[in-house]
Amino acid sequence: MSCAAAQAQIYRCVDASGHKEYTDRKKGNHCVALDLPDPVIAAPQKREGQPRPRPASATAAATPAPAPSAFPRVDSAEQKARDADRRQILTDELNAEMQKLGELRREFNNGEPERRGDERNYAKYQERVANLKTSIARSEQNVEALKREIANIR
């Protein structure tokens, strides 16, 4: 295997405003030569009649990683208990989110919520109505996501 050494002097140039630039040319008295170790770059070997090797990332993606034999296992009773706990937590979150959604819909009042005393300016009222719409949409998405999570529990 042959090795080729790359030889080039590198300079750090700092201008009057403090901006740094690294270059291979000295551009004035504001440039300082850096003392860097010589890098050694291996030249690729030529192979006649053989296909070029694939990059490591393509090879790694093509073959799945084997599961370790010492992977921790949980017995079925413990897993069922964990699933039951998870289902209970998700159900509690779903109930809280559905209650919040009901309150938001009542306040929204089919797009015509009651005006508050601090909303003498119509723009403030419209902003609150828009915020209620987005809050309702977000809460509906949360309810759907929680229902999907509960359905995915074994």
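Taken over region 95-112, the criterion of being closer than 21 Å to E144 by Cα, free of Cβ contacts under 8 Å to residues at least 12 places away in the same chain and open to solvent by less than 100 Å² (accessible area, probe 1.4 Å) is satisfied by N95, A96, G102, E103. The requirement of being more than 18 Å from A145 (Cα to Cα), surrounded by fewer than 16 Cβ atoms within 10 Å (Cβ to Cβ) and of a type in the set (D, E, K, R) is satisfied by R115. If you check D92 against the conditions, is it under 22 Å from K147 (Cβ atoms), in contact (Cβ under 8 Å) with a residue 24 or more places away in the chain and surrounded by 10 or more Cβ atoms within 10 Å (Cβ to Cβ)? When the stated conditions are applied, D92 does not pass them.
The values are calculated or read from the model by the stated rules, or taken from the named source; none is laboratory data. In this text the structure is predicted, and so the values were computed from the model without any measurement. Backbone-built Cβ (ideal geometry, glycine too); neighbour counts: all protein chains shown. We work out accessible area using only protein heavy atoms, side chains counted, and drop any ligands, DNA or RNA first. Shrake-Rupley method; radii C 1.70, N 1.55, O 1.52, S 1.80 Å.
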